[in-house]
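Participant: Here it is: the structure, laid out below.
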């Protein structure tokens, strides 16, 4: 079960991320290598050229980490939709469902691949506290993306019901 992220966990993630930034390209390479080891069938979801996909991964992780820096009062402010982590993750989950048919259990392999990458890339800096913090954040990210998938499924179900009920009245 996902819990709220503590200030200490946020600080740990931010400190780790500062160490990832200089090795970001290598981290992206490691992440996808590990993901395709765990889920070889996912390789077909990506083209031969992975540079753009690796950049998207790094941009999304940067966005997630940057969102953790918001202070208490920032949560009460109006946020443009493109800067709202929750809305962005819901949309990302919808796309992963409708375009790529990523199953709910696929997120586990992504989380495992990221944790493995951080452990491999950061060494001793990725201690038990860091593992717990990143795990917590990534479970929240995955659960939010899965909610996005369910919103697609619910919208499809409603359209089907409306179409079916309209056909019965005619």
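The values are calculated or read from the model by the stated rules, or taken from the named source; none is laboratory data. The shown structure was predicted, so the numbers you read here are calculated from the model rather than taken from an experiment. Glycine also receives a Cβ, built like all others from the backbone with ideal geometry; neighbour counts cover every protein chain displayed.
Participant: May I ask you to say which residue of 61, 35, 89 is surrounded by 17 or more Cβ atoms within 10 Å (Cβ to Cβ), within 30 Å of residue 129 (Cβ to Cβ) and modelled with pLDDT under 95?
Facilitator: Just a single option satisfies the conditions, and that option is 89.
Participant: Can you tell me which condition residue 55 does not meet? The list is (1) surrounded by 14 or more Cβ atoms within 10 Å (Cβ to Cβ); (2) under 20 Å from residue 36 (Cα atoms); (3) at pLDDT 95 or above, and all the others hold.
Facilitator: All conditions are met except number (1).
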